[in-house]
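Input: a single structure, listed below in structure tokens.
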Amino acid sequence: MIEKLSKNLVNLKKEFAKIYDGTSHIQEVIPVSKSEIFPIKQQDLELLHQFATKNPIYYNSYEKTIGKTHCIIYEGDINKYWLNSIQHSSSCAPFSPTWIVSAYVCVLLAKELGYREVIDIGSGDGRIAFCAKVLDLESYSIEIDNMLVDLQKLLTTLDFHPYCSDAETFDYSLLNLSQPIFFIGGLAQMGGIALASGVLKKINSISNLKKNTGWVFVGTNSQKYQPDPKNMAGWGTLIEKNNLKSIQTITLPTVWTFHESEETPYVFAETVSDK
Amino acid sequence: MASIDDISSMFHTESEKLEHLINNVTKKSELSIPEIIETYYQIINVSSMSTVLKQQINANEHQTLLDKIAKIDKVISDKFNSNIHPQIMEKLANSIQNTTKNLQSGNEEKSKEEIENKAKEYEELRQIMSTKEFVEQYDKELSHD
């Protein structure tokens, strides 16, 4: 069901990119109601719309039918957050979000894989952590940029616990995690490796989290970036080096691939069990 | 593989193009991003040819060409590296500082049109920043020489 959902979302994005004639800095769509193509609970869809409506990065929205799906298009601008994040010396990558529905689909897969807590690292406006709450998972959002954390605090109608902190030094033992999955924000080639390595080191120092922990890495197969010799959309070497194994990869639309033909692969991995 | 004569003929054409570009740049007080990129590209292009030719030619057989290489090397070193390049670096840094300050001022609510117009200024800032990175890369290579 999740693979079909991600495929349908990619098709919707491609159709939308073809017909979109606006000039906004960022744009995304959310289906208005549950359908055969998007079998998402109506209540969940409404919460996703609520997140977009309350989010000050979006300044305009309108309804449009794309293919067979009636949607709301959200137009936004994240330039001021970009400017602030590049001035943050310890910020690895400037803020550029995934689509809200993509965040939902990713968390849906995390839930199906049996994870109980979502920790959104480099969380931007906190959309992944928000979606985890929509799907009744516990969630925590770690973001180093104070301007983005202030933005998250406007969006905590469901409390996804925003923390303004450096994810590489954050004390994860405070969260009493039992079966967590960590979403690492940022491409491998844009500081993601350093960020993921730092968080992996912290988590491996907590005895009950050496196992039962999942990882989601945001990948790219774009030729703009140096490929990883072990592939995995840029993450192969880190996955092998940290004794992880890849479980599944789903491809979803993101803000930064709106004008690209290739979408963003999300690589799900877990610790290799001791034999 | 290209012969020395081919590279030599190409060198003449490209170094003339470079001198023309440098003369143009000297006359202007403001340079556009494409003009900056074109000038650095041509500097790198001619410098690479000069390096290859100096390694391959015989001083007895190609004295005229060697003189031409020395002349253009001097133009690059005295006119461009010591004079124009530091000015470009300074102007790019000032431009980034001023644009950033301008973009960070004024937090009042804006209309859709105003936001989208402002987005163009951010796009210009991104272009200036990536040009500065490119120019800084040239500067690093200069300091390694």
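Only the coordinates and a few stated rules stand behind these numbers; no lab work does. Worth saying up front: this structure is predicted, and the values here are computed from it rather than measured. Using ideal geometry, Cβ is built from the backbone for each residue, glycine included, and neighbour counts are taken over all protein chains shown.
Before moving on, here are some points about what is shown:
- Per-region count, region A:67-88, residues of a type in the set (D, E) and either within 10 Å of A:L148 (Cα to Cα) or more than 9 Å from chain B (Cβ to nearest Cβ) (or both): 0
- So B:K118, is it away from every other protein chain (no Cβ under 14 Å), of a type in the set (K, R) and assigned to a helix (DSSP H, G or I): no
- Scanning region A:1-26 for residues that are surrounded by 15 or more Cβ atoms within 10 Å (Cβ to Cβ) and over 19 Å from A:T251 (Cβ atoms), we see that the one that is nearest to the other protein chains (Cβ to nearest Cβ) is A:H25.
- Unmet criterion (only one of (1) in contact with a strand residue (DSSP E or B) (Cβ under 8 Å, 6 or more places away or on another chain); (2) within 21 Å of A:L48 (Cβ to Cβ); (3) charged (D, E, K, R)) for A:R116: (2)
- For region A:96-107, a residue qualifies if it is crowded, with 24+ Cβ neighbours inside 10 Å and closer than 13 Å to A:I78 by Cα, and the qualifying residues are A:P97, A:T98.
- Within region A:122-158, the set of residues being without any contact (Cβ under 8 Å) to a residue 40 or more places away in the chain, part of a loop (DSSP other than H, G, I, E, B) and out of contact with any Lys or Arg (no Cβ under 7 Å at 6 or more places or on another chain) comprises A:G126, A:D136, A:T156.
- 1 or more residues over 25 Å from B:K120 (Cβ atoms): qualifying helices (runs of 4 or more DSSP H) within region A:1-99: A:2-19, A:42-54
- Residue count for region B:29-51, restricted to those that are surrounded by 14 or more Cβ atoms within 10 Å (Cβ to Cβ) and either of a type in the set (G, A, S) or more than 21 Å from B:Q137 (Cα to Cα) (or both): 2
- Tallying residues that are buried (at least 20 other Cβ atoms within 10 Å of the Cβ), without any contact (Cβ under 8 Å) to a residue 24 or more places away in the chain and of a type in the set (A, V, I, L, M, F, W, C) within region A:47-95 yields 0.
- Selection status of B:E113, in a loop (DSSP other than H, G, I, E, B), within 12 Å of chain A (Cβ to nearest Cβ), under 30 Å from A:G76 (Cα atoms) and out of contact with any Gly (no Cβ under 8 Å at 6 or more places or on another chain): no
- Residue list for region B:94-110, filter: within 12 Å of another protein chain (Cβ to nearest Cβ) and either in a helix (DSSP H, G or I) or farther than 20 Å from A:E75 by Cα (or both): B:I96, B:Q97, B:T99, B:T100, B:K101, B:N102, B:L103, B:Q104, B:S105, B:G106
- Restricting A:I203, A:I184 to those that are surrounded by fewer than 21 Cβ atoms within 10 Å (Cβ to Cβ) and either of a type in the set (A, V, I, L, M, F, W, C) or without any contact (Cβ under 8 Å) to a residue 60 or more places away in the chain (or both) reduces the list to A:I203.
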